[in-house]
Amino acid sequence: MSYVVEASHLVKSFGSVHAVSDVTFSVERGEIFGLLGPNGAGKTTTIRMILDLFKPDSGTVSILSGPMSEEKKSRIGYMPEERGLYQDIQLEKCLLYLASLKGMSVADARSRTQFYLERLELAQHKKKKVKELSRGMQQKAQIINTIVHGPELIIVDEPFSGLDPVNTQIVKEIMYELREQGTTIIMSTHMMHQVEELCDRILLIDDGRNVIYGPLDQIRRRYSGHAVLVQVQGEMPPITGVHSITKENGALLMTLVDDVSPQDILTQLVGQNMVIEQFEIATPNLDEIFIRTIRDKEVG
Amino acid sequence: MSKIWLIARHHFQKETRKKSFLFILLSMPFFLLFSIGLGILFESLANDRMNVGYVDPGAFLRQTTLDDADEDIQLIAFPDEEKARLALDGNEIKAYYLLPADYPESIEIDLVYRDESDGRATSLMRRLVKLNLLAGQSPEVADRLMFGADVTVFATDANREYPEGGPEAGLFLPIIVALVFGFLTMTTSGYMLQVMVEEKENRTMEIVISSVSPSQMMSGKIVGALGIAFVQLTVWACFFLIGLWVSRSVMDVAWLQEVKPVYLDLVKVAAVALPAYLFMAAIMTLIGATLVDTQEAEQVGPLAFLVILIPLFLIVPIAANPNGALAVILTLVPVTSVLTVALRSIFIVVPTWQVLASCFISLVSAGIAVWLAGKAFRLSLLRYGQRIKLSELLSRHSSKSLSAS
């Protein structure tokens, strides 16, 4: 397997504060990888160690097949959470300058910047100073700055922050396209529904340690409860082996008693000649997994 | 294109396109113009033409003109005091001198005036009397008695010589160079501090060092600042030279004619100034990396100017012993070196080894400051909004946790 990023047992402390205690993960080429965690979990510190902004106290990082080098910086796009652009200069000049630092020629930088300015509907604002743009526009400008040089690896911190639904969709489309082109994306965010929609694999960290790590579908299955979601035509007949029933989006969420399987419920429904419109194993969404995991950890 | 150059060009263009830069650029020539104008005004006021009378019934003053006499003073002879008094009352003359008929014996002259004379007329009268008293002496004796001995002071321990009256105006030129350096450093310091703090505040630095190394970023900023300083210096020098030429050659300002630059002193001050400037730029980058907000940065710029002026506050001990320990130490310390070398140059020829040592110390210190700035910058990334202490910068722990730039 070709890993773009391999972080092994990263540890980082600032004085008495343990920002990252033990984080290990790998990011595969061409995937969108979600880095999740509550505030102060150590996500940003982990990203900064990956980018070699500072060294870990212990542990190792391999990025694009080895340690970070100056040459590799041009193959990486990084967007920190909030701000990060020169406020006092024109948007276009700011983007062209930062693109030139990534090793782009003036002509390439100009044409690709123009392309993305149009794509993200910022072309008419390119002569405005960055500080004159709205928060959402600045966020889109940050995204352009991150991807304009066609990096192999993109690391984005809260990419959808401040974006309206239309722009969120545009950015998502761009991320899908980049993934199709083989670009690897590491995304740190709190927006779980975006993670569910975009990410192939995730790492949830809390208190600077791995909590959940792996492919998203496997994680959801792992966390699925002993329950089924059922929707039938007409009124639901009495079913045995059900612990409790709650309504969820028009369907009924049946939590089963321990020795009853979903197959037993299905057999009962078919046996009573019910027309079944929906029958599925209930899997929790990422929000629920996130909250449950963090709470369980706190209780533990 | 080198990334250092790209960063330098960016900062150069960003700063030189500001209105405030144009204001600073033109403020110095306007100040110069104002100073020269003031000088010309004072000179023209001092050179007021005036008529002065004299009454010489004994006909002592046989020779009534001097070769180098002040052309603005017109001496008018009156046959008697009554007529001189009438002329004074009628404002035809400012004053009149009354030589008694037995002047050679009495050697007393009365001066009658309405408003106090400015001294030029009395000086002229003294010299005229002296000239007439010396009539009949050999030209050598007369010349010596008229003009006195031609003494040149030569200080063997200082390797400097100047006329009896003290240092010539040209010897003070290095101080002007040093003050320009101070002004330049103050503006650069303000700029560097502001850039560093702003980029930290809006986290642009984090973006930049995901593209370049911290040392490349710091070096680019310093080279950019050097470029800005070069433009300022060039423009100021052009205005200065044009002003000097106009004043000396076109307007014929007398005191400027006497200014003779000592080029070796100027070269020495310039040689010390360049690395000292680099050091100041680097140290401001370091301070900028440790500060939290732009308000703090605005306070540090003028403080840098005050530190540069320390030798001026110590001018008495430096002048008393320009080769003493204090003067030598201040020459070797990067921030005080430029003004100290300029001040010492008035009294002595500053030894070349001290100039070279000062350059070396400034350059090494600048290198250390850039290195520390890189560390401070990385530490500041860990702790946005918190000030960084010097002890943290120098501690082994911080160096261990930060990657080499």
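Values computed for the structure shown
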{"read-out": "Where a residue in the range B:190-202 is on the phi < 0 side of the Ramachandran plot and of a type in the set (Val, Ile, Thr) and its partner, wherever it lies, is part of a helix (DSSP H, G or I) and surrounded by fewer than 20 Cβ atoms within 10 Å (Cβ to Cβ), with Cβ under 6 Å and at least six apart", "value": "B:Val197/B:Thr294"}
{"read-out": "Residue ID - farthest from the other protein chains (Cβ to nearest Cβ), chosen from residues in the range A:86-114 that are closer than 21 Å to A:Met175 by Cβ and surrounded by 21 or more Cβ atoms within 10 Å (Cβ to Cβ)", "value": "A:Thr113"}
{"read-out": "Some residue of the range B:198-205 being modelled with pLDDT of 85 or more and within 14 Å of chain A (Cβ to nearest Cβ)", "value": "yes"}
{"read-out": "From A:Pro67, A:Pro165, A:Pro159, residue being surrounded by fewer than 17 Cβ atoms within 10 Å (Cβ to Cβ) and more than 24 Å from B:Ser213 (Cα to Cα)", "value": "A:Pro165"}
{"read-out": "Any hit, the range B:212-230, residues being surrounded by 15 or more Cβ atoms within 10 Å (Cβ to Cβ), at pLDDT below 75 and assigned to a loop (DSSP other than H, G, I, E, B)", "value": "no"}
{"read-out": "Verdict on A:Asp57 being surrounded by fewer than 21 Cβ atoms within 10 Å (Cβ to Cβ), more than 23 Å from A:Asp287 (Cα to Cα), within 14 Å of another protein chain (Cβ to nearest Cβ) and out of contact with any Pro (no Cβ under 7 Å at 6 or more places or on another chain)", "value": "yes"}
{"read-out": "Among (1) surrounded by fewer than 17 Cβ atoms within 10 Å (Cβ to Cβ); (2) more than 9 Å from every other protein chain (Cβ to nearest Cβ), the one test that A:Leu10 misses", "value": "(1)"}
{"read-out": "Residues within the range B:331-368 that are over 15 Å from B:Ala271 (Cβ atoms) and buried (at least 24 other Cβ atoms within 10 Å of the Cβ), tallied", "value": "1"}
{"read-out": "From A:Thr24, A:Thr45, residue being β-branched (Val, Ile, Thr), under 20 Å from the mean Cα position of the chain (by Cα), assigned by TED's automatic domain parsing to the domain that holds A:Arg209 and surrounded by fewer than 17 Cβ atoms within 10 Å (Cβ to Cβ)", "value": "A:Thr24"}
{"read-out": "Check on A:Lys72, under 26 Å from A:Gly182 (Cβ atoms), of a type outside the set (A, V, I, L, M) and buried (at least 19 other Cβ atoms within 10 Å of the Cβ)", "value": "no"}
{"read-out": "Residue among B:Ser20, B:Ser27, B:Ser2 that alone is over 21 Å from B:Thr187 (Cα atoms) and of a type outside the set (A, V, I, L, M)", "value": "B:Ser2"}
{"read-out": "Within the range B:71-92, tally of residues that are of a type in the set (A, V, I, L, M, F, W, C), within 20 Å of B:Ala59 (Cβ to Cβ) and at pLDDT 85 or above", "value": "5"}
{"read-out": "Test: residue in the range A:68-81 that is of a type in the set (Gly, Ala, Ser), facing another protein chain (nearest Cβ under 8 Å) and over 20 Å from the mean Cα position of the chain (by Cα)", "value": "yes"}
{"read-out": "The range A:115-128 - residue that is aliphatic (A, V, I, L, M) and either surrounded by fewer than 18 Cβ atoms within 10 Å (Cβ to Cβ) or in a helix (DSSP H, G or I) (or both) and, of those, nearest to the other protein chains (Cβ to nearest Cβ)", "value": "A:Leu117"}
{"read-out": "Only listed residue being among the aromatic types (Phe, Trp, Tyr) and in contact with a helix residue (DSSP H, G or I) (Cβ under 8 Å, 6 or more places away or on another chain), chosen from A:Phe25, A:Phe14", "value": "A:Phe14"}
{"read-out": "Residues located in the range A:53-76, provided they are among the acidic types (Asp, Glu) and closer than 15 Å to A:Val20 by Cα", "value": "A:Asp57"}
{"read-out": "So A:Gly15, is it surrounded by fewer than 16 Cβ atoms within 10 Å (Cβ to Cβ), within 14 Å of chain B (Cβ to nearest Cβ) and not hydrophobic (A, V, I, L, M, F, W, C)", "value": "yes"}
{"read-out": "Pairs where the first residue, in the range B:322-337, is without any contact (Cβ under 8 Å) to a residue 24 or more places away in the chain and the second is of a type in the set (S, T, N, Q), C-beta under 6 Å, 6+ apart", "value": "B:Leu330/B:Thr336; B:Leu330/B:Thr340"}
{"read-out": "Pair list, Cβ < 7 Å and 6+ apart or interchain, from the range B:133-152 residues that are surrounded by 10 or more Cβ atoms within 10 Å (Cβ to Cβ) to residues that are in a helix (DSSP H, G or I)", "value": "B:Leu134/B:Ala142; B:Leu134/B:Leu145; B:Leu134/B:Met146; B:Met146/B:Lys130; B:Met146/B:Leu131"}
{"read-out": "Entirely in the range A:199-300, the strands (runs of 3 or more DSSP E) that have 1 or more residues that are outside the structural domain of A:Gly59 (by TED's automatic domain parsing)", "value": "A:227-232, A:242-248, A:251-256, A:276-281"}
{"read-out": "Filter pass, B:Ala59 being in contact with a Gly (Cβ under 8 Å, 6 or more places away or on another chain) and away from chain A (no Cβ under 14 Å)", "value": "no"}
{"read-out": "Condition met for A:Tyr97 (among the aromatic types (Phe, Trp, Tyr) and either outside the structural domain of A:Tyr116 (by TED's automatic domain parsing) or touching a strand residue (DSSP E or B) at 6+ places or on another chain (Cβ under 7 Å) (or both))", "value": "no"}
{"read-out": "Selection status of A:Val228, surrounded by fewer than 13 Cβ atoms within 10 Å (Cβ to Cβ) and β-branched (Val, Ile, Thr)", "value": "no"}
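The values are calculated or read from the model by the stated rules, or taken from the named source; none is laboratory data. Computed from a prediction, not measured in an experiment: that's the story for all the values here. Don't worry about glycine lacking a Cβ; one is built from the backbone with ideal geometry, like all the others, and counts go over all protein chains shown.
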